[in-house]
Amino acid sequence: MNASYPIRREVTHGALMEQTFGNLRLIWRELLAYLAVATVLGLGMPLFEDKSTGFIELLFYFAGQYWLFRRLLKRRGMLRTQRIHFLSFFGLALLLILPIMLGLAMLIVPGLFLVARWIAAPAYIVASGEGAFAAASASAAAVRGQTGKVMTAVVVLFLIMIAILTPIAGIDRALGSRAGMELMNVVSGHFLPLLLLGLSVATYERLGCEDTTIEDVFG
């Protein structure tokens, strides 16, 4: 399927952040279920001396993320295809991870720029069945002109994660709770991706989805 490039839209930073957290509230039960399974795998898998455990956790991560995207997009009325496009979803991660990591290593800003430009790409795949390259191109086209606002949103979400997790980790260290620290390590690894999931769908709806009705965002 070819990427459909959206009509140029604008969004305020406040509206983008509001909708990000509105999206997460919309699927809070699914998020709790995802974190519960992630915790069981993260704490239980190291007990098995098997090299396949890392693969199982990786598979769960991508399958779980795909499921959450699909549930959220369906709730928002933006799921245009009933087919599963998991291979494109996984391929997108392989396509984008290297340039983003290189960008983050180059004084961070280039990496943030790429994250902002490609933030909606997973939503394009899950919602419309775009291929990895088409989804990345469509996301970049949708965000163009609004990149600074999306970059700011990414930074704010990162700071929110730090503000929430740092005190909790400090309490666990003070109490000498090894179990608590292990739990924190598992949860912290999923915290930012889940926040970015909310931002991805918010960006897709606000800037990329042609069928969006902005007035009904929180209706």
- Between Leu73, Leu92, Ala63, whose Cα lies farthest towards the positive end of the dipole of region 56-138 when Lys and Arg beta carbons carry +1 and Asp and Glu beta carbons carry -1, centred on the Cα centre? Leu73
- Burial ordering of Phe113, Phe21, fewest other beta-carbon atoms within 10 Å first: Phe21, Phe113
- Message: Run the Debye formula on the Cα coordinates of region 67-138, all scatterers equal and no solvent, and tell me log10 I(q)/I(0) at q = 0.12 1/Å.
- Response: -0.34
- Query: With the Cα gyration tensor of region 8-164 giving a ≥ b ≥ c as the square roots of its eigenvalues, does the rule (a/c under 1.5 for rounded; else a/b larger than b/c for prolate; else oblate) give rounded, prolate or oblate?
  - Reply: rounded
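A short reminder: the numbers here are calculations on the coordinates, not readings from a lab. Since we're looking at a predicted model, the values are computed, not measured. Here the Cβ is made from the backbone with ideal geometry for all residues, glycine too, and neighbour counts use every protein chain on show.
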